[in-house]
Structure formats: structure tokens, C-alpha cells
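Have a look at the structure below, then the notes.
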Amino acid sequence: MAGTESESEHFDSDDTENGEPQRSLFDDMEAIIEDGRTYLDAEIQYQKTRAAFVADRAKDAAIFAAIGGALALLALVALTVGLVIALAPHLTAWGAVAAVTGSWALLAAFFIRMAARRWQRLLGAFLERKEGDE
């Protein structure tokens with residue numbers, strides 16, 4: 001029983017072996033909460049920095065995409081004019097304009113239809129998932 005007395009004295013004592021007072025559960029909880037706040041503040045700062053970096057890079061990408069798109073449009077206009085000029089001796093001027101315009105309209109319809117199909121598949125995937133979750 002002598003061992004139990006020394007153990008109970010050890011737990012009842014306010015001092016540790018080093019002579020420093022023991023921390024209470026309340027102190028530990030305060031420290032955990034403070035550490036959590038510090039971590040949360042650091043994480044928020046990190047995410048803000050990350051978002052600013054992504055926004056800056058996305059802005060640059062959008063500018064380059066706009067410039068590339070404008071140049072591609074100019075190239076298509078030049079191609080269209082060149083096709084009309086090249087086909088005019090064979091189909092007359094109006095026939096060449098109609099042939100080139102019709103070709104571009106068919107290509108546009110094809111790509112719009114492909115985009116609509118992909119959009120429907122995307123919506124279908126979300127709707128199936130939503131119905132399956134319920």
C-alpha cells in the first residue's frame with residue numbers, strides 16, 4: 001500500500017518534479033484553442049496569397065487568349081477573303097461568296113451541335129449524381 005500513498009501524493013501535489021506548477025486542463029484547452037486560431041489565421045493568409053497568385057496568372061492567360069483569339073479571327077477573315085478571290089473566276093463573285101459563307105455556316109453548325117451534345121452530357125452527369133444522392 002506504500003506505493004499507492006506515494007502515487008496519490010504525486011497526483012495531489014501542485015508541484016512537478018522540477019518544482020514548477022502543473023498545468024491544468026483548462027490551460028491546455030486554452031493553448032489548443034490559441035494554436036487552432038494561429039493555424040486558422042496562417043491558413044487563411046496562405047489561401048489569400050494563393051488566390052491572388054491564381055488571379056494574376058489567370059489574368060495573364062486571359063489577355064494572351066484574347067490576343068490569340070483576335071489574331072485567329074483576323075486569319076480567318078484573310079482566309080475567307082482569299083477563298084472568295086480564288087473561287088470568283090470559277091463560281092462568279094456571288095457564287096464564291098455563297099460557297100465560302102455556306103461552308104463556314106456548316107462548320108459553325110457542326111461545332112455548335114458538338115458543344116450542345118457535350119453540354120447535355122455534362123448536365124446529365126450532374127443530374128444522375130444528384131438523383132442518386134437522394
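Key figures for this structure:
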| read-out | value |
| --- | --- |
| Residue identified as modelled with pLDDT of 90 or more, under 30 Å from Trp104 (Cα atoms) and outside any loop (DSSP other than H, G, I, E, B) among Ala42, Ala75 | Ala75 |
| Ile85 being under 34 Å from the mean Cα position of the chain (by Cα), modelled with pLDDT of 95 or more and of a type outside the set (Gly, Ala, Ser) | no |
| Every pair of residues 6+ apart whose Cβ atoms lie under 9 Å, when the first sits in the stretch 41-66 and is on the phi < 0 side of the Ramachandran plot while the second is among the hydroxyl-bearing types (Ser, Thr, Tyr) | none |
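The values are calculated or read from the model by the stated rules, or taken from the named source; none is laboratory data. Nothing here was measured: the structure is a model prediction, and the numbers come from that model. Glycine also receives a Cβ, built like all others from the backbone with ideal geometry; neighbour counts cover every protein chain displayed.
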